[in-house]
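Note sheet for the following structure.
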Amino acid sequence: MPTTFSLHNPTPGLHWYVSKPLGTDQIAAIRDPQGGQTVKQPTSIPSPFARMDLVRSAFLNLSLKPDLSGTSNDQRIVSDCLDVGQLFFNYDKLKTFVTITPFDIRTDLTRLQQSNSLGHKRLGDALKLFLDQDAAEYNFNQINRLFVLSYRGRVVGGTSPKTLFFSSGNDLSWVDVTMGNDRLFDSSVCPLHERDIEYQKFWYAIKLFMPNFRDRFREVDDYLNRSRALLQQQNPTMFYEHIESHNGQPLLTREQFDQDFDELTTGPGDVVEVLGFPLRKKKSDARAIDKVSDFIIKSDKYARLNPSQPRPMALQNRFFRQFTYVPQAQWNSNIPVPYYARESWRENQRPLPGQPGNYPWLTVSDFLEPYLIRLPFPTDRGRFFDGNLQTSAIEKGFLLPLKKDFFDFFDVDDLLTGRVRLKMTPQAGGINVTLDIPVTAPNQPGNQFITFERLYSQTVGTSNAPNELTNEGIIVENSFTVNIYPFVRSGSVTVPADYRVQLIESGFDSQNQYDLTYFRQQTNTEVTVESKHQRTVRQQNTDGSSVYYVLREEFDYLQTHIRGDGRDMHGVLIPRWQEYNGGSKQFEFSVDFGTTNTHVEYKVDGSSPRPFDVAELTPQVATLVAPAQYNPALFELFLLYDLEFVPPTIGPGRPDNFPTRTAIAEPMNLSFNQQTQALADFNIPFYVERQPAGSNRITTNLKWAKTSDQTERRVEAFLEELLMLIKNKVLTEGGNLAQTTVYWFFPASMTPGRVSQLRADWQQLYDRYIGGSAGRLREVSESVAPFYYYKQNPTLSASARPVINVDIGGGTSDVVVYERNEPKLLTSFRFAGNAIYGDAFSEYGAASHNGFIRKYADRIQTLLDSQSLGNLSDNNRRMLDTNRSEDIMAFWFSIEKSNDVKAKNMLSFNGMLAKDEDLKIVFVLFYTALLYHVARLMKHRGIGLPGAITFSGTGSKVLTIISADDQMLGKLARAIFEKVYDKTYDTSGLTLFYERKGPKEVTCKGALMQPANNRPVDTEAISYVYPATFNDEFESLTYADLRKPEVVESLLKETNEFIDFFFAINQQFSFVRNLNVSSRSLVVAQQELRTHLDTSLMDGIQRKEGDVVAEYSGMTDALGAPIEETLFFYPLIGAINKLANALA
């Protein structure tokens, strides 16, 4: 029987018969022994372009069925072709690894044919043969260039004039590119309708907009039509969103095509094309990722600060939730995520893990520091965010290991409220830090987080360096602290910012360098520091160093930068600010800037005045160290805080209180040729009378120091700190700055020029810190205010008889006489506390010649040593070394107020003096001289006998030394006035009023107690200087007159007249019997008081002339000015000093 040999089923017939050319049906009928399921694709067709035809055939075969099903070979060939196209389409993502090489049909083919290489020539001829032979069938006649695509240097495929793209017939499974969830060129196949919608649109757009597409690519066109239908069936949402609207309106327009896709180029103007039609590439799919990825960091802040940038992702290792990663790709938990990435996420240089291309993404090391900085103390968790540290409040604290970039996404409140969850937990001898980052997760329910986690240990293996690649951090302990003042900021009401931040580092052996940087959270930009001041410098054998930052802007967090031992470390501090949201309370403050001491009182909403205080419940300084955890081991950190900064609390019964010494502390090496700042270069040393000042210079006598740039800056710094205290109190206690009133005082004896300077200083500082409405900064004469305090006593009135107020300070005494409850006469003179305790007219100190010092120095030192009062003992030695008597005795008076002193009576200097029958004569002399001059003045001005005398000021404590019996002091005063007036009192007599416990407070309280409608006193109009010459020989004097012998003689006569008066009063009153004055002291006084009166007078005159000449510098007739104070006391100041020295 005859046999027909054929690959297909021929028409039945015997012998010879007429056959037909092979057509589609005949080809389809050819049997494949493997059924199209071979592993290897067919490659034996004898043509260099056979692969293109295989791809065409595969498209043809698959397009025959609506579901695009077919043999495995056909499906794999088409899938690989689509993979090649996807590599072209995603060229920008992959160009680090992908190379596109053009082959020009004209120039490159001619070059092959004309090559000297026989192989090249033969290849060129063969290519030319097939290009010519199959020109019409495969569109070769329309080709300009073909493009060959290589991945990592190996050919993968290229462009095709028949199917747009084709793949090589080799095994391409080595290509490690994944698009979505599809790995290209693997054993599985992926039809077009299951791929990235942007890539599908790319194919459909070419079909629509390439001229004669169907004629050129019929098989592909059929495949695309089938694919489009399958997309509509299987994913209608995507179809109607991207391909066609529900009403049949095409969504793929030429304009949209040109807008959504860029031309694919391999260089400037070098366009990749197929048959002259430029191919397109995928624009950055950042928008698509931003829209669909569950890993996008949920941050409105980043979107606000970077409106044109894609929102970054947060990626986590070992993340097992079914999150959408990129469009059409779920997260694969096997994808490794580096803990540290060198490439910049900001510049979009980071390749996506497990996906082609770049997209901004963050990992652990982008938010967490490699070092965790431990502190040698527990932190104040109420004032600083502790990162939810899971340890007890008495264990050591840490800085937050957050990088600055974290705050590009989140605010401080996100951490404080838990929207971003930071947690620090002890683990395996270290600290495990977890940071839960909120992500948008549009495809997930509820709030979703990505967790960054890092374990910090003492060492990494045997190394003390961190390893960010393996996510291993290092704990490093650093001994430093940070203190912030004031600790209040704007809330709903904006207030001017003015901050001081103190950075203290302890230990002379540490070589670490510390720096602080401040940031505002709204823009996460650095806050400009107005000035930075190194105050105490670390030197060998010192306890540490201090640096101060002055800021006029608010800040939300600060970053610590520590360099040392080859390490570069950072950590963050987040203050838990108290916010000011306005207030209605009206505060009034009065500030008595005194020679020896300064006092501040206040009242709220018309309440009774009370001394300035800062409650322990609301410390005014945020100390990084928890206040309850102060201990001796941290001495170095606390010492400089105590010596150089503002106390955390102030008030009666506390170590730091008002009145306080009028002094300023500054570093020994302070240069006044540079900018200086309060609470940076200067601070008020509240501690000055209870402990040594360390490396600080303490300057006293600020009020009356000679005018100079240094003096002005010290005074300004002192007043500035006072106003900072006032401002902070108003803000933290619900006050209204605009309604805050401040009274300040000046002595009547102060020159108008000096008062003007003080007024300017006060106004400038008030405007800067308080900024109250006009008229709320008020000046009051020191001598006027006390009257309104005592006037609250119903028995005190000046309506019928004059009332005198004597305000005895450290440097001056001010006297005001009231008639009909109005001030009528005012005078002031430099005869006050320092006239008793000071060094007479010595400018540089003469404690070794001061009777009080000579008598009591050893005794007090012995008592301090015996009571084991180390700080006070050391401070006493330091004070004695100053050789300034007024400072030494001011310290001695303060000893009993120290909380360290238990045996207060034993160490009461006031008590010692009250029992000293020898030296008491000095105080009686002072008291008598002062009242004698006042009496003479009043009589000279025609004012009747006073009905009452009120005393105020620190210096009025001399009354308690003279006698504990108020009536006895009154009797002495009455005797003095009656003898001067040569007139006796009626039954109403003379009454004395004074505060034994707080005479310094009287002035401040009085200012706050004066009637609201009280008119300001015109002190110039009522001021009078009584020359006090003998028998009033000279009604007025100038400084030039003091050079006249007759004037000097008259002044000395008046002094001798008073000395006679003093001893006459003793005959009448008996100082021995009534005041316990020793007989010996009276004898010594008789011998000493009249000696060297002329020397003391001239010392006083010359000193005052020097001040006058300096004040009227440049004026030829400076000494022609009227005298500014009486000269009566000049001889007595020297006499008192000599008397005390003689009695010691």
Could you tell me how many of the residues in the stretch 639-665 are of a type outside the set (Ser, Thr, Tyr) and in a helix (DSSP H, G or I)? 5
Could you tell me which numbered condition residue 675 fails, if it satisfies all but one of (1) within 22 Å of the chain's Cα centre (by Cα); (2) surrounded by 15 or more Cβ atoms within 10 Å (Cβ to Cβ); (3) more than 26 Å from residue 738 (Cβ to Cβ); (4) of a type in the set (S, T, N, Q)? (2)
Here is a list of conditions, (1) more than 24 Å from the chain's Cα centre (by Cα); (2) at pLDDT 95 or above; (3) not basic (Lys, Arg), and residue 435 meets all of them except one; can you say which number that is? (1)
Find the helices (runs of 4 or more DSSP H) located wholly in the stretch 1029-1117 whose residues include 1 or more that are among the charged types (D, E, K, R), in contact (Cβ under 8 Å) with a residue 60 or more places away in the chain and under 19 Å from residue 829 (Cα atoms), and list them. 1045-1069, 1093-1111
Considering only helices (runs of 4 or more DSSP H) fully contained in the stretch 242-326, which possess at least 3 residues that are hydrophobic (A, V, I, L, M, F, W, C), under 30 Å from residue 143 (Cα atoms) and in contact with a strand residue (DSSP E or B) (Cβ under 7 Å, 6 or more places away or on another chain)? none
Residue list for the stretch 555-609, restricted to those being crowded, with 19+ Cβ neighbours inside 10 Å, of a type in the set (Asp, Glu) and either out of contact with any helix residue (DSSP H, G or I) (no Cβ under 6 Å at 6 or more places or on another chain) or within 30 Å of residue 417 (Cβ to Cβ) (or both): 556
Across the stretch 151-195, what is the number of residues that are closer than 26 Å to residue 102 by Cβ and touching a Pro at 6+ places or on another chain (Cβ under 7 Å)? 2
If I filter the stretch 363-371 for residues that are at pLDDT below 95 and in contact with a Lys or Arg (Cβ under 7 Å, 6 or more places away or on another chain), do I get at least one hit? no
Unique match (being modelled with pLDDT of 95 or more and of a type in the set (Asp, Glu)) among 515, 509: 515
Which of the following residues is within 20 Å of residue 770 (Cα to Cα), among the charged types (D, E, K, R) and either modelled with pLDDT of 90 or more or not in a strand (DSSP E or B) (or both): 588, 616, 636? 588
Do the conditions hold for residue 287, that is, is it closer than 30 Å to residue 165 by Cα and surrounded by fewer than 18 Cβ atoms within 10 Å (Cβ to Cβ)? yes
So, in the stretch 948-988, exactly how many residues are in a loop (DSSP other than H, G, I, E, B) and buried (at least 22 other Cβ atoms within 10 Å of the Cβ)? 1
Filtering the stretch 144-162 for residues that are surrounded by fewer than 20 Cβ atoms within 10 Å (Cβ to Cβ) and among the hydroxyl-bearing types (Ser, Thr, Tyr) leaves a count of 1
Selection within the stretch 819-864 - at pLDDT 90 or above, acidic (Asp, Glu) and over 24 Å from residue 919 (Cα atoms): 819
Those residues of the stretch 200-239 which are of a type in the set (Ser, Thr, Tyr) and either assigned to a loop (DSSP other than H, G, I, E, B) or crowded, with 19+ Cβ neighbours inside 10 Å (or both), in sequence order: 204, 223, 227
Would you say residue 307 is in contact with a Leu (Cβ under 6 Å, 6 or more places away or on another chain) and either of a type outside the set (Val, Ile, Thr) or under 16 Å from residue 357 (Cα atoms) (or both)? no
Filter result for residue 888 (farther than 26 Å from residue 643 by Cα and either touching a Lys or Arg at 6+ places or on another chain (Cβ under 9 Å) or not assigned by TED's automatic domain parsing to the domain that holds residue 929 (or both)): no
If residue 865 passes every condition in (1) farther than 30 Å from residue 978 by Cβ; (2) touching a residue at least 12 places away in the same chain (Cβ under 8 Å) but one, which one does it miss? (2)
Output the number of the condition that residue 910 fails; it satisfies all remaining conditions of (1) in the same structural domain as residue 1026 (by TED's automatic domain parsing); (2) closer than 28 Å to residue 1083 by Cβ. (1)
Kindly provide the set of residues from the stretch 333-345 that are in contact (Cβ under 8 Å) with a residue 24 or more places away in the chain and not aromatic (Phe, Trp, Tyr), ordered by number. 337, 338, 341
The strands (runs of 3 or more DSSP E) lying wholly within the stretch 45-161 that contain at least 2 residues that are β-branched (Val, Ile, Thr) are 98-104, 154-160
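Here is a yes/no grid of residues against (1) farther than 27 Å from residue 872 by Cα; (2) in contact (Cβ under 8 Å) with a residue 40 or more places away in the chain; (3) in contact with a helix residue (DSSP H, G or I) (Cβ under 9 Å, 6 or more places away or on another chain); (4) not charged (D, E, K, R):
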{"site": "662", "(1), (2), (3), (4)": "no, yes, yes, yes"}
{"site": "667", "(1), (2), (3), (4)": "no, yes, yes, yes"}
{"site": "676", "(1), (2), (3), (4)": "yes, yes, yes, yes"}
{"site": "693", "(1), (2), (3), (4)": "no, yes, yes, yes"}
{"site": "713", "(1), (2), (3), (4)": "yes, yes, no, no"}
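The values are calculated or read from the model by the stated rules, or taken from the named source; none is laboratory data. Computed from a prediction, not measured in an experiment: that's the story for all the values here. Positions of Cβ are backbone-derived with ideal geometry, glycine not excepted, and every protein chain shown enters the neighbour counts.
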